[in-house]
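A short worksheet on the structure shown next.
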Amino acid sequence: MPISSRRLLATAVGLSLSTAGCSLVPHDTTHSTDPVVLGFINGGTTSFHTCLQTAVTETTSNNLAKVLTADSNGSTAAELRNVKDMIARKVDAIILLSVDASALDADIAAARKAKTPISLIAVTPADDSEILGAVISNLPGIGKLDAQWVDEDASGKSATAVVISGDGSTSSNLMVGGFTKNLADNVRVVGNERGMFDRATAKAAAARLIQAHPDIQYAFVANEDMAFGAREAFDAAGARSVKIVTVNGTDQGLAALKNGKFAATVSNSVQDLGALAVTHTLGLLRKEEKDKIAHIDARLVTKANADTASLYCDTNG
């Protein structure tokens with residue numbers, strides 16, 4: 001399927017909205033003739049973060065609003081400074097991709113004190129009464145989809161698997177937990193190493209794992225960039241038969257499905273995530289939506305259906 005067709009698919013994001021209250025009182029954007037101004041605070045500068053910011057800025061513009069951006073560069077201290085700066089700049093709402101869930105309490109408290117609505121991306125606090133809303137992926141569900149593919153492929157026979165996780169963050173741990181907890185009893189996880197969302201680090205981790213467990217049959221790798229590194233290490237060790245299941249649905253990842261480098265991936269579009277973060281926040285501000293928490297779709301993708309996967313990142317602007 002041409003990219004143009006996949007771009008059309010990426011705009012169709014399903015939401016199931018139910019009634020829920022919001023304790024924050026947003027700035028009155030209903031009767032103002034000025035455009036809504038959003039403050040987007042990004043957590044880093046990886047390709048994921050770049051794609052997310054592109055989706056946020058484009059969707060904001062398409063909805064006749066304005067956006068101010070800031071980057072925390074992986075620092076929780078910088079994140080809090082950015083929150084306070086957006087408050088000082090009197091944005092109508094903050095959209096935050098946090099560096100780490102441990103920083104959220106201070107961020108939310110600052111926004112709450114200033115009566116500035118704050119929406120989150122990827123995580124939610126235990127008590128969501130002090131946030132405007134959040135857009136999240138079902139991270140355990142993503143891991144579960146890959147586990148289900150492994151279970152089906154193993155067909156009840158004894159099998160071994162390894163895990164190459166991310167950086168130990170909440171998001172990474174939830175994905176990995178979704179995978180390991182949903183494997184059938186006949187599939188045993190014999191190794192687990194961090195790849196730090198870095199291809200070279202994941203390659204080194206995979207090399208250690210295949211040396212320690214030369215007969216492994218499956219590997220769950222927490223994103224496709226790391227999965228390419230793992231594939232290189234397995235192939236160099238003569239373990240081309242190891243089947244890799246992973247996450248993202250990038251163009252490169254879909255090509256890897258087609259040529260057999262990966263066995264399965266989970267389409268988890270950052271394009272959809274950024275776009276929905278904006279439209280959901282605007283809908284809550286304008287009181288057009290009531291459900292605080294919105295979810296983006298994730299689905300298993302294999303060679304057979306790779307051409308129908310949602311666009312991961314709109315690089316064409």
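Every number in this text was worked out from the coordinates using simple rules, so none of it is lab data. Because the structure is a prediction, the values reported are computed rather than measured. Glycine gets a Cβ as well: all are built from the backbone with ideal geometry, and neighbour counts include every protein chain shown.
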Note down the magnitude of the dipole of the chain about its Cα centre, charges +1 on Lys and Arg C-beta and -1 on Asp and Glu C-beta and zero elsewhere, to the nearest 20 debye. 200 debye
For helix 47-62, report the angle its Cα long axis makes with the longest principal axis of the Cα atoms of the chain; keep it between 0 and 90° and round to the nearest 10°. 40 degrees
Looking at the chain only, what percent of DSSP beta bridges run antiparallel? Nearest 5 please. 10 percent
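In debye, nearest 20, what is the charge dipole magnitude of the range 183-229 about its Cα centre with +1 on Lys and Arg Cβ and -1 on Asp and Glu Cβ, if you could check?
140 debye
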Under a GNM of the chain (C-alpha, springs under 10 Å), which listed residue has the highest mean-square fluctuation: Asp185, Asp100, Asp291? Asp185
By how many nm would the segment from Val189 to Asn259 grow when fully extended, if each residue of separation counts as 0.36 nm and the alpha-carbon distance is taken off? 22.6 nm
Honestly the range 38-112 on the Cα gyration tensor test (a ≥ b ≥ c root eigenvalues; a/c under 1.5 rounded, otherwise a/b vs b/c for prolate or oblate) is just oblate
Of the options Ser119, Pro140, Leu174, report the single residue whose Cα projects farthest towards the positive end of the charge dipole of the range 80-179 (beta-carbon charges: Lys, Arg +1; Asp, Glu -1). Ser119
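Based on the Cβ-Cβ distance from Arg112 to Thr45, what FRET efficiency comes out when R0 is 25 Å, to the nearest 0.05? The partial results should precede the final answer.
Working: r = 28 Å, r/R0 = 1.13.
My answer for the efficiency is 0.30.
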Net charge around Gly74, counting only other residues with Cβ within less than 12 Å of its Cβ (Lys, Arg = +1; Asp, Glu = -1)? -4
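Can you classify the range 169-317 as rounded, prolate or oblate using the Cα gyration tensor, where a ≥ b ≥ c are the square roots of its eigenvalues, rounded means a/c under 1.5, and otherwise it's prolate if a/b beats b/c and oblate if not?
In terms of gyration-tensor shape, prolate.
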Which of the lysines could be linked to Lys258 by a straight reach, that is with a Cα gap under 30 Å, when you skip same-chain ones fewer than 8 residues away? Lys144, Lys157, Lys181, Lys203, Lys243, Lys303
List the relative contact order of the range 223-317 as a percent without decimals, with contacts defined as Cα pairs under 8 Å and 6+ residues apart. 32 percent
For the chain, the longest principal axis of the Cα atoms and the Cα long axis of helix 139-154 enclose an angle in degrees, to the nearest 10, of 20 degrees
Binned at 10 Å from zero, the C-alpha pair distances of the range 181-263 give percents of 20, 54, 26, 1
Nonlocal amide H pairs with Phe262, under 5 Å, H built at 1.01 Å: Leu257
Sequence gap at least 6, Cα distance under 8 Å: using those rules, report the relative contact order of the range 52-152 to the nearest whole percent. 18 percent
If you place +1 on the Cβ of every Lys and Arg and -1 on the Cβ of every Asp and Glu, how big does the dipole about the Cα centre of the range 209-317 come out, in debye to the nearest 20? 180 debye
What does the charge count near Leu284 come to, summing +1 for each Lys or Arg and -1 for each Asp or Glu among other residues with Cβ under 13 Å from its Cβ? -1
Can you classify the range 260-314 as rounded, prolate or oblate using the Cα gyration tensor, where a ≥ b ≥ c are the square roots of its eigenvalues, rounded means a/c under 1.5, and otherwise it's prolate if a/b beats b/c and oblate if not? prolate
Once both labels are modelled 7 Å past Cα along the beta-carbon direction, what's the Asp215-Thr308 spacing in nm? 3.8 nm
Dividing the mean separation of Cα pairs under 8 Å (6+ apart) by the residue count of the range 149-235 yields a relative contact order in percent of 37 percent
Can you give me the P(r) profile for the chain? Cα pairs, bins 20 angstrom wide beginning at 0, each as a whole percent. 33, 53, 14, 0
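Quick one: net charge around Ser169, please, counting Lys, Arg +1 and Asp, Glu -1 for every other residue with C-beta under 14 Å from its C-beta.
Charge balance near Ser169 sits at -3.
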Please give the residues of the range 49-90, grouped as numeric ranges, whose backbone N is less than 16 Å from a label point set 7 Å along the Cα-to-Cβ vector of Gln252. 49-52
Modelled label reach - Asn73, point 7 Å along Cα→Cβ, the range 97-126 residues with backbone N closer than 17 Å: 99-100
